[in-house]
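Read the structure below first, then the notes.
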Amino acid sequence: MPTQVIMPALGMSQDTGRLVAWLKNEGDTVQQGEPIMEIETDKTTVEVEAAAAGILSGVSAHPGEDVPVGQVIALIVGPTENAVETAAVKAPTPIAKRVAAEHGVNVEQVPAQGKRVTKADVEAYVKEPAVTPALTPASPKARRLAAERNINLEQVNGTGPDHAVLAADVLQHTQPQSEPGASEPVLQSQTSPLWQRMAQRLTESWQTIPHFYLKREVNAEHLVRWKQNVQNRSQLKITYTDLLVKLTAAALSKHPQVNGQWTGDAVRVHPYIHIGLAVAVEGGLLVPVIHDADKLGILAIAERRTEIVTRAQQGKLRPGDLESGTFTISNLGMYAVDEFSAIVNPPQAAILAVGRIADRVIALQGEAVIKPMLTLSLSCDHRVVDGARGAQFLSTLAQYIEDPLSITD
């Protein structure tokens with residue numbers, strides 16, 4: 001029996017998703033779990049995997065089309081199944097029939113970009129029934145950027161294979177060209193949907209969440225040594241973020257209320273610890289999640305962190321990568337930032353801001369010594385975490401950082 005490919009819902013408030021690209025062509029064989037398409041939501045672009053093995057058939061949605069959540073856009077059929085079983089998908093969409101009737105057009109005469117005539121096909125046929133312009137070769141990301149900036153791809157000089165337009169070409173095309181003697185700065189007036197959504201969420205957080213902040217300076221001497229020891233026995237690149245995920249998860253298990261959220265009239269304490277990592281990407285900020293961080297060892301955390309950060313930066317996150325985070329870590333140490341305060345990522349109750357590890361002079365047993373020090377800043381939602389609970393969590397985390405082997409395997 002054919003398996004339906006539907007437009008998935010990746011968020012509670014999502015009504016539609018935009019199809020960015022098919023990663024498989026109609027008629028191709030696909031394996032269960034293999035990515036078959038990229039879709040875009042208000043957060044990011046993600047890859048959607050095949051729910052079954054078979055042949056991709058009955059494709060009815062085209063790149064750039066906004067599709068209602070839950071709508072069937074293709075089928076995965078077995079090798080012995082015939083076209084009759086996909087007829088329902090290949091027929092013109094109901095809205096395509098209605099639009100065709102409004103314009104007095106026989107929908108059967110309308111050419112389809114795929115196997116199913118859509119509203120867009122009818123509208124294109126009504127405007128230019130005899131002309132089908134050639135599509136400028138371009139990557140999915142380039143098409144998305146061009147659409148966001150209202151740029152005609154035909155006017156962009158492509159540097160990819162066969163002169164295909166790449167994302168970098170679109171960005172280069174949008175850079176303002178300064179005139180001789182011009183001194184007025186040119187401000188960017190357009191932002192990506194991801195940046196707009198980020199701005200909206202952080203504004204809501206700042207306006208609705210009563211923030212307070214706690215800071216703690218800790219001796220990172222043993223943390224540095226621990227990282228070196230782990231790196232010596234691993235081929236994966238180990239980062240301080242990996243170690244902090246492990247230690248933070250351990251501290252959250254001791255102080256579960258910091259791992260909670262405000263529900264409107266009560267505090268909900270999550271039975272799991274899913275730690276999000278703030279990642280800067282082209283066009284904004286994403287927070288992919290390391291699920292069940294308290295149950296993972298350092299190498300498993302490093303592997304997961306590498307995987308989700310790479311996919312986030314490539315715009316290829318998968319459904320679930322951004323879901324169910326209960327606490328967030330934002331590390332700017334790699335940018336030589338000493339300390340900063342972050343805005344709580346709703347609906348979470350707290351976020352940990354991490355600065356760089358730097359040598360500082362401190363007093364130790366009555367003497368001035370130089371030690372590698374690290375500043376932690378904890379931002380809290382006062383409806384969930386009060387000052388005492390926040391301080392206790394930060395104290396436990398500082399203890400683990402200064403003696404990490406006490407909780408690691």
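What follows is calculated from the coordinates using simple rules that are stated; it is not laboratory data. Fair warning: this is a prediction, and the values are worked out from it, not measured in the lab. Heads up, the Cβs are rebuilt from the backbone with ideal geometry, glycines too, and the neighbour counts pull from every protein chain shown.
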Worksheet item: From the Cα gyration tensor of the range 221-303, with a ≥ b ≥ c the square roots of its eigenvalues, which class applies: rounded if a/c is under 1.5, or else prolate if a/b is larger than b/c, or else oblate?
Response: oblate
Fill in: Binned Cα-Cα distances of the range 277-343, short to long, each 10 Å bin given as a whole percent
19, 52, 28, 1
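Given charges of +1 on the Cβ of Lys and Arg and -1 on the Cβ of Asp and Glu, with all other atoms neutral, how large is the dipole of the range 195-406 about its Cα centre, in debye to the nearest 20? Mind dumping the intermediate values first?
Working: 22 positive and 20 negative charges, 75 e Å.
My answer is approximately 360 debye.
Could you please rank LEU332, LEU56, placing first whichever residue has the fewest other Cβ atoms within 10 Å of its Cβ?
Numbers: LEU332 17, LEU56 22.
Final ranking by Cβ density, sparse to dense: LEU332, LEU56.
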Worksheet, complete the sentence: Projected onto the charge dipole of the range 275-409 (unit charges on the beta-carbon of Lys, Arg, Asp and Glu, signs +1, +1, -1, -1), the Cα from LEU374, LEU322, TYR335 with the largest positive-side position is that of LEU322
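Provide the gained length on full extension for the span HIS103 to GLN31, in nm with one decimal, where the gain is 0.36 nm per separating residue minus the Cα-Cα distance. Don't jump to the answer; show the numbers that get you there.
Numbers: separation 72, 0.36 × 72 = 25.92 nm, distance 4.19 nm.
Taking HIS103 through GLN31 to full extension adds about 21.7 nm, to one decimal.
What ranking do 264-274, 20-30 get when scored by the average of other Cβ atoms within 10 Å per residue, highest first? Walk me through the intermediate numbers first.
Values: 264-274: 13.2, 20-30: 15.9.
Per-residue Cβ counts within 10 Å, averaged per peptide and sorted highest first, yield 20-30, 264-274.
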Discussion item. If R₀ is 45 angstrom, what is the calculated FRET efficiency for the pair LEU299 and THR80, using the beta carbon separation as r and rounding to 0.05?
Written reply: 0.55
Worksheet, complete the sentence: Highest mean packing first, using Cβ neighbours within 10 angstrom, the peptides 244-251, 341-348, 399-406 sort as 244-251, 341-348, 399-406
Worksheet entry | Likely footprinting exposure, ASP359, ASP381, ASP294, fewest C-beta neighbours within 10 Å first | ASP359, ASP294, ASP381
Fill in: Length added when fully stretched, SER406-ARG216, from 0.36 nm per residue minus Cα-Cα
66.4 nm
Worksheet entry | Net lengthening on full extension, ASN232/GLU204 (0.36 nm per residue, minus Cα-Cα) | 5.7 nm
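Sorted by average packing, counted as other Cβ atoms within 10 angstrom per residue and highest first, what order do 34-40, 199-205, 49-55 take? Write down the numbers at each step before the final one.
Working: 34-40: 19.9, 199-205: 13.9, 49-55: 17.0.
Highest mean packing first, the order is 34-40, 49-55, 199-205.
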Item to complete: Find the percent of Cα-Cα distances in the range 195-406 that exceed 29 Å, and round it to a whole number.
Response: 22 percent
